[in-house]
1. Give me the percent of the accessible area of the chain that comes from carbon and sulfur atoms, probe 1.4 Å, all protein chains in place.
2. Among residues other than V38 whose Cβ falls under 13 Å from its Cβ, what is the net charge (Lys/Arg +1, Asp/Glu -1)?
3. Skip the ligands, DNA and RNA, and give the accessible area per residue of the chain with a 1.4 Å probe, whole Å².
4. For R23, what charge total do you get from the other residues with a beta carbon under 14 Å from its beta carbon, if Lys and Arg give +1 and Asp and Glu give -1?
5. Among A66, L87, V24, pick out the residue whose Cα is farthest towards the positive end of the charge dipole of the stretch 24-94, where Lys and Arg carry +1 and Asp and Glu carry -1 on C-beta, about the Cα centre.
6. How big is the gap, in Å, between the Cα center of the stretch 17-31 and the Cα center of the stretch 35-70?
7. What would the Debye formula give as log10 I(q)/I(0) at q = 0.25 Å⁻¹ for the alpha-carbon point model of the chain, no solvent?
8. Any chance you could look up the accessible area of S27 with a 1.4 Å probe, heavy atoms only, rounded to 10 Å²?
Amino acid sequence: MVIGVCTLELQVPGCSSLKEKRRVIRSVVRRVQNQYNVSIAEVGHQDSWQLATVAVACVSNDAGYAHGLLERIVGFIDSRHFDLVLLDYETELI
């Protein structure tokens, strides 16, 4: 069994309130959950207006599949126009 975890550092430029940032992050979380059936949540920078840390987790029998799935999710978030900027990400297989 392989557990894949990907942590993404995101910037939400143009947000002037936490309410606005949370609206954008909730949209990303819902779309990733619906598209890829993974666990995803905001795990850091909850009090910052323009920064967010999001973690994605999946479980698989195959390390290559888990890594590929997480890379596709990073590409999905980066290529979609969610009104955010992908600053950095880290993928870890356990």
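The values are calculated or read from the model by the stated rules, or taken from the named source; none is laboratory data. The structure displayed is predicted, hence computed values, not measured ones. Here the Cβ is made from the backbone with ideal geometry for all residues, glycine too, and neighbour counts use every protein chain on show. Ligands, DNA and RNA are stripped out before the accessible areas are found, and what is left, the full protein with its side chains, is counted by its heavy atoms. Shrake-Rupley method; radii C 1.70, N 1.55, O 1.52, S 1.80 Å.
1. 48 percent
2. +2
3. I get 58 Å² per residue for the chain.
4. Net local charge, R23 excluded: +3.
5. V24
6. 15 Å
7. These q points yield log10 I(q)/I(0) values of -1.31.
8. 40 Å²
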